[in-house]
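Worksheet: the structure to be examined is printed underneath.
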Amino acid sequence: MPIESSEITPEKVYKRRRILIAAGVGVLGVPLIDKAYGIFQEKQDGQMPFPKVSELPNEQSQPLVPTPYETITSYNNYYEFGFGKDDPSKAAKTLTTSPWSVEIGGEGADKPGIYDIADIKGESAIENHIYRFRCVEAWSMVIPWNGIKLSEVIKSALPNSKAKYVRFTTINDPQQMPNAGWAGGPYVEGLTIEEAMNPLTLLSTGIYDKPLEQQNGAPIRLVVPWKYGFKYAKSIVKIELVEKIPQNTWWLQNKREYGFYANVNPKFNHPRWTQATERVIGELGRKPTLLYNGYAQEVAHMYPDVENRLYFF
Ligand code: MTE
């Protein structure tokens, strides 16, 4: 079947991803084996079936060492400000993040409205969560987020029976963003309503108790720790409760390589690189990637078939 032009990753994007992946995979060679993740290593080496969720180690009890603030704020993906990892921290200061409002609506919301960011933050308690962060490009960090539960925002919009999915739209302003529209429109992401209501899912407003920097998606961005980083829509301007599955940006860019669910899974490789291991930014070597990025206990119940590739790309 011929490839539609809409399925082809723009050349610059493709080359950028290839260069980065080559740098991460080619230089480091044999992955480091961390005993704590032995259960996964055994599976990768010996092709054993996945363990049952009840057999998984409780990943949350393992201490996570947060990545330094300087790294989190200088190694970024925010293509509206350029395709290089250091472009957003240099270019994104032009984005005005105050005042800022978020439109909440869609056919699934009985109480739509336009809310000032201060009202959204003020309605719910700010929580602190240290989560693993895993990019689809096979690198990772550990990020101490500040934010509110997305479920609180959804509840206040009074969801009705049409609220089956949540669609996020981010700012797309050529006046403020040198590379606005790289995706042919605003960056869009989506979740099922169940995923959006999961207590792990956050709307982040800060990192390390500091307000989000523009390059990290100020003033408000999505955080879904069991999914690949491209799901974490930055600088959100609209949240809609909708009946149909949203068409997310990376799926539209390349339907064969990026999907809607994008749950982290070491078993299903990206067509162009392995997802079995990851490069921890700031550390030497690679470590095994965890099913659902280590959050299986909290999220596996949402995906009835762990062998179904649909949930993992
Ligand atoms: N949101 C917008 N609007 N534009 C983007 O290019 N990149 C995504 C996601 N959110 C992106 C975005 C990707 S691919 C990743 S890995 C994460 O943001 C990176 O988040 P970070 O730079 O804070 O680490």
Among the listed residues Glu127, Glu137, Glu103, which satisfies the condition of being under 22 Å from the mean Cα position of the chain (by Cα), of a type in the set (Asp, Glu) and under 30 Å from His270 (Cα atoms)? Glu137
Is at least one residue of the range 173-189 among the polar types (S, T, N, Q) and away from the ligand (no atom under 11 Å from the Cβ)? yes
Looking across the range 273-293 at residues that are assigned to a loop (DSSP other than H, G, I, E, B) and under 18 Å from Tyr311 (Cα atoms), the single one that is most open to solvent (accessible area, probe 1.4 Å) is Thr274
Could you look through the range 83-94, keep only residues that are more than 8 Å from the ligand (Cβ to nearest atom) and within 21 Å of Pro219 (Cβ to Cβ), and pick out the one that is most open to solvent (accessible area, probe 1.4 Å)? Lys90
Cross-chain or 6+ apart pairs with Cβ under 7 Å, the range 167-188 first and touching a residue at least 60 places away in the same chain (Cβ under 8 Å) and small (Gly, Ala, Ser), then within 8 Å of the ligand (Cβ to nearest atom) and open to solvent by less than 40 Å² (accessible area, probe 1.4 Å): Ala180/Glu80; Ala183/Thr249
Taking Lys149 as the residue in question, decide whether it is farther than 27 Å from Glu80 by Cα and either more than 15 Å from the ligand (Cβ to nearest atom) or touching a Phe, Trp or Tyr at 6+ places or on another chain (Cβ under 8 Å) (or both). no
Residue pairs within 7 Å by beta carbon, gap of at least six or interchain, first lying in the range 221-234 and within 9 Å of the ligand (Cβ to nearest atom), second acidic (Asp, Glu), listed first then second, are Leu222/Glu189; Lys231/Glu189; Ala233/Glu189
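Table: residues versus (1) open to solvent by less than 20 Å² (accessible area, probe 1.4 Å); (2) of a type in the set (D, E, K, R); (3) modelled with pLDDT under 95.
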{"residue": "Leu64", "(1), (2), (3)": "no, no, yes"}
{"residue": "Ile72", "(1), (2), (3)": "yes, no, no"}
{"residue": "Tyr75", "(1), (2), (3)": "no, no, no"}
{"residue": "Phe81", "(1), (2), (3)": "yes, no, no"}
{"residue": "Trp100", "(1), (2), (3)": "yes, no, no"}
{"residue": "Gly105", "(1), (2), (3)": "yes, no, no"}
{"residue": "Arg134", "(1), (2), (3)": "yes, yes, no"}
{"residue": "Trp139", "(1), (2), (3)": "yes, no, no"}
{"residue": "Ile148", "(1), (2), (3)": "yes, no, no"}
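The values are calculated or read from the model by the stated rules, or taken from the named source; none is laboratory data. Model, not experiment: these values are computed from the prediction. Neighbour counts are summed over all protein chains in view; Cβ atoms, including those assigned to glycine, are modelled from backbone coordinates with ideal geometry. Quick note on the areas: whole protein, heavy atoms, side chains included, nothing else; ligands and nucleic acids left out. Shrake-Rupley method; radii C 1.70, N 1.55, O 1.52, S 1.80 Å.
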